[in-house]
Amino acid sequence: MEQLNSVGWGQALSTFMTPFGQWFKRSESRQAAQDYVRGLLAEVKRKNCWQMAEKLGASDPQALQRLLYQAEWDAEAVSRHLRITLIEQLGYEPGVGVIDESGFVKKGQQSAGVQRQYCGRLGKVENCQVGVFLGYVSPQGHALLDRELYLPQDWAADETRREAAKIPQTIPFQTKPQLAQQMLERAWAEGIPLNWVAGDTTYGNSPTLREAIHHQQRQYVLQVAKSMPLRPTAQADAQSAEQWASLADGWQRLAFNFGEKGLSFCEWQAWRVYATTDIVGEQWLLIRRSLSVTPDVTYHVSNASADTPLATLAQVASARHQIEQLLEEAKGSAGLADYEVRYWHSWYRHMTLALVAHAFITLLRHADTQKKSGSAARLVATEFC
């Protein structure tokens, strides 16, 4: 963003950042936080403290580094205030929460949680950290709401490494679905209008997460493995989701708008089934099939009521792709992946400020859309017979 030097843009950022200042103990930290966000939004090849400081005209990166490591400020309070700020503009009563993870490739073995593990961004095992993120999708816009760092079991059990990375003793090993549940429950406790939850198989394959969402009287449309056993009635023999797909006919074609990607057409089919692993009872099996020569088929389950239209289920399932776009945008425009920290609390501080920077972009875009159209942009599902 070459707008870094624009007076109007700078004033807008200063106004946006001012309410966050209450969570910083000292004026120097408040200024450093604003500078850090400015640096994240600047046109810098790699947005680490050294290069951001140079872009900002500072003689050294000490103020930015101190902000991540030593300064007294509450990253959780800043994160909570960020969610309030976003929901004031983008909140929508049925709102969709989308869960996804992202890998951050790192060198060495010292950074909290780093090890060789699957990195979705690269599609292979790599030395990386993995963050779990909660996105928000509504007709008013899409945003990243929250973040948690995944701590592998080996790390959780290694007291020496934990101490070196300043990982609090209160932090246990938690699976990615458990981290997702933690963020969802935090959002619900804060009154965020988030009545639907979408996610890929990492989260959909967890009966515990599905039951937790159901217990909160919220609705999920979560992708599951093709091998998931499902029954047509509570007492009948089970068939895999893939076997159900082979019985399908009368597919319905729906199109969803994915922003810059334009309309995406797929075919959908749904049945009422019983999952052998769930206490939820009767629910939906939703199958999506691409229109390619060799179709890509995905399977989802949903606890939505029996009268829920197919288009609604498909729209929520498709919302999952929005968080992929959000994460890529945050990495490219807000420096989400460009950090060099070792400590647990420093990771959360960087991620929090990167989400603040991305929220600034998001709300600028939202204001511009409102100004041009006079009404909120809409997600549209169009059925084709």
Once each part is reduced to its C-alpha centroid, what is the distance from the range 29-70 to the range 108-143 in angstrom?
23 Å
Counting DSSP beta bridges with both ends in the chain, the antiparallel % (nearest 5):
90 percent
For residue 25 and residue 292, what is the calculated FRET efficiency with R₀ set at 51 Å and r taken between the beta-carbons, to the nearest 0.05?
0.40
Does the range 141-230 classify as rounded, prolate or oblate by the C-alpha gyration tensor (a ≥ b ≥ c root eigenvalues; a/c under 1.5 gives rounded; else a/b over b/c gives prolate, otherwise oblate)?
oblate
Could you list the trypsin sites (Lys or Arg not before Pro) in the range 137-182 that lie in coil according to DSSP, counting only those with at most 14 other Cβ atoms within 10 Å of their Cβ?
166
Spin-label pair residue 328/residue 365, simplified geometry with 7 Å Cα→Cβ offset, distance in nm:
1.2 nm
Using Cβ contacts closer than 10 Å as the measure, can you line up 47, 372 from fewest to most?
372, 47
Three-way shape label, the range 53-182, alpha-carbon gyration tensor, a/c 1.5:
oblate
Under Karplus coefficients 6.51, -1.76 and 1.60, residue-wise ³J(HN,Hα) of the range 232-238 in Hz, glycine/proline x:
x, 9, 4, 9, 6, 5, 8
Just add up the charged neighbours of residue 83: K/R +1, D/E -1, any other residue whose Cβ is under 15 Å from the Cβ of residue 83.
-4
As an exercise, use a Förster radius of 22 Å and the Cβ-Cβ distance of residue 276 and residue 242 to find the FRET efficiency, rounded to the nearest 0.05.
0.90
Just to be sure I understand: with springs between alpha-carbon atoms less than 10 Å apart, which residue in 208, 352, 294 has the highest mean-square fluctuation in the Gaussian network model of the chain?
294
Any idea what the dipole of the range 1-132 comes to, in debye rounded to 20, about its Cα centre with Lys/Arg Cβ at +1 and Asp/Glu Cβ at -1?
440 debye
Let me check I've understood the local charge: for residue 338, count other residues with C-beta under 10 angstrom from its C-beta, Lys and Arg +1, Asp and Glu -1. What total comes out?
+3
Out-of-range pairs (alpha-carbon distance over 26 Å; input 25/106; 45/372; 47/371; 55/331; 45/166; 25/371):
25/106; 45/372; 47/371; 45/166; 25/371
Taking the convex hull of the Cα atoms, report for the range 76-326 its projected area averaged over all directions, in nm².
15.0 nm²
Among 24, 173, 360, which comes first, then next, by fewest other beta-carbon atoms within 10 Å?
173, 24, 360
Of 189, 270, 245, the most mobile residue in a GNM of the chain (C-alpha springs, cutoff 10 Å) is 189
Name all residues of the range 82-117 having a backbone nitrogen under 19 Å from the label point set 7 Å from the Cα of residue 154 along its Cα→Cβ direction, giving them as ranges.
103-117
The lysines whose Cα lies under 23 Å from the Cα of residue 226, excluding any fewer than 8 residues away in the same chain, are 124, 176
Would you list 240, 27 from fewest to most Cβ contacts within 10 Å?
27, 240
Roughly speaking, what is the stretch gain from residue 312 to residue 372, that is 0.36 nm per residue apart minus the C-alpha to C-alpha distance, in nm to one decimal?
18.8 nm
For a Förster distance of 25 Å, can you work out the FRET efficiency between the beta-carbons of residue 253 and residue 227, rounded to the nearest 0.05?
0.40
Using Cα pairs closer than 8 Å and at least 6 residues apart in sequence, work out the relative contact order for the range 39-186, in percent.
17 percent
In a shell of Cβ-Cβ distance under 15 Å around residue 107, excluding residue 107 itself, what net charge do Lys and Arg (+1) and Asp and Glu (-1) give?
+1
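Rule-based calculations on the coordinates, nothing more; no lab input. All figures in this text were calculated on a predicted structure; none of them were measured in a lab. Virtual Cβ from ideal backbone geometry, glycine too; neighbours counted across all protein chains shown.
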